[in-house]
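S.K.: My questions will all concern the structure given below.
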Amino acid sequence: NERPEDYEAIEEFADIVNDLKEEDEYNYRSLINGDEDANQREKEREKREQEKKVRKQKEEEKKQALNAFQSALALEILGDLPSVDIKPPDNVLFVRGLNRLTEDKGLQKVFETIGKVVSCNIIKNKISNRSKCYGFVEYDTKEEV
């Protein structure tokens, strides 16, 4: 059973192999052409490095989007979110990692140091009424978030 980490390792290995192939091609052209097109090769190398950074950034964005979707799906399954596709307004901040003893008023006091808080809601278990350690803070404007 393959895990996502295995795929990441395979992709990383493939990147290394591709880099080595490009470096070999670079060295071969250097032997044939001499140093007359060294600037061109350096530009090509820099371009490859930039493309590699962009690829890694896109991969990271995909991972973050997948993590966000998985978290939303878990919240939907637990009944805390009506739909995976629902998005909060721009002036609402999601807060996680709260202490179980944190209450709405305490959370509001902390976040009022940033801007005008309209409301604070810590999500609680419907049966036990215990905090699920996350909540939402609604600000007056999007800019305050």
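S.K.: Given axes a ≥ b ≥ c from the Cα gyration tensor, I'd like to know whether the chain is rounded (a/c under 1.5), prolate (a/b larger than b/c) or oblate.
M.R.: prolate
S.K.: Let me ask you something else. Report, by chain and number, residues whose modeled amide H sits under 5 Å from the one on Val118, excluding near sequence neighbours (fewer than 5 apart, same chain).
M.R.: Under 5 Å from the amide H of Val118 lie the amide H atoms of Glu138, Tyr139, Asp140, each far enough along the sequence or on another chain.
S.K.: Further question: Anything over 31 Å Cα to Cα? Flag those among Lys21/Lys58; Lys62/Lys105; Lys58/Lys87, in the order listed.
M.R.: Exceeds cut-off: Lys62/Lys105.
S.K.: Starting from the Cα gyration tensor of segment 44-93, take the square roots of the eigenvalues, sort them a ≥ b ≥ c, and report rounded, prolate or oblate (rounded when a/c is under 1.5, otherwise prolate if a/b is larger than b/c, else oblate).
M.R.: prolate
S.K.: Moving to a separate point now. Going by a ≥ b ≥ c, the root eigenvalues of the Cα gyration tensor, does segment 73-137 fall in the rounded group (a/c under 1.5), the prolate group (a/b larger than b/c) or the oblate group?
M.R.: Judged from the Cα gyration tensor, segment 73-137 comes out oblate (a/c at least 1.5, b/c at or above a/b).
S.K.: Using only the alpha-carbon atoms, how far is helix 38-78 inclined from the longest principal axis of the chain? Give it as 0 to 90 degrees, nearest 10.
M.R.: Once rounded, the angle reads 30 degrees.
S.K.: Now, a different point. Any chance you could look up the accessible area of Leu78 with a 1.4 Å probe, heavy atoms only, rounded to 10 Å²?
M.R.: 110 Å²
S.K.: For Ile114, what charge total do you get from the other residues with a beta carbon under 12 Å from its beta carbon, if Lys and Arg give +1 and Asp and Glu give -1?
M.R.: -2
S.K.: Ok, one more. Roughly to the nearest percent, how much of the accessible area of the chain is carbon and sulfur, given a 1.4 Å probe?
M.R.: 52 percent
S.K.: Also, I was wondering about something else. So what's the back-of-envelope 222 nm ellipticity for the chain, counting only DSSP H runs of four-plus at -39500 (n - 2.57) apiece and dividing by all residues, rounded to 500?
M.R.: For the chain, the value works out to -19500 deg cm²/dmol.
S.K.: Turning to a different aspect of this structure: Calculate the spin-label point distance for Arg48 paired with Val92, positioning each point 7 Å from the Cα along the beta-carbon direction, and give it in nanometres.
M.R.: 4.8 nm
S.K.: Averaged per residue, what accessible surface does the chain expose to a 1.4 Å probe, in Å²?
M.R.: 80 Å²
The values are calculated or read from the model by the stated rules, or taken from the named source; none is laboratory data. Everything quoted here is computed from the prediction, not taken from an experiment. Reconstructed Cβ throughout: ideal geometry from the backbone, glycine too, with neighbour counts over all protein chains shown. What goes into the accessible areas is simple: the full protein's heavy atoms, side chains included, and nothing from ligands, DNA or RNA. Shrake-Rupley method; radii C 1.70, N 1.55, O 1.52, S 1.80 Å.
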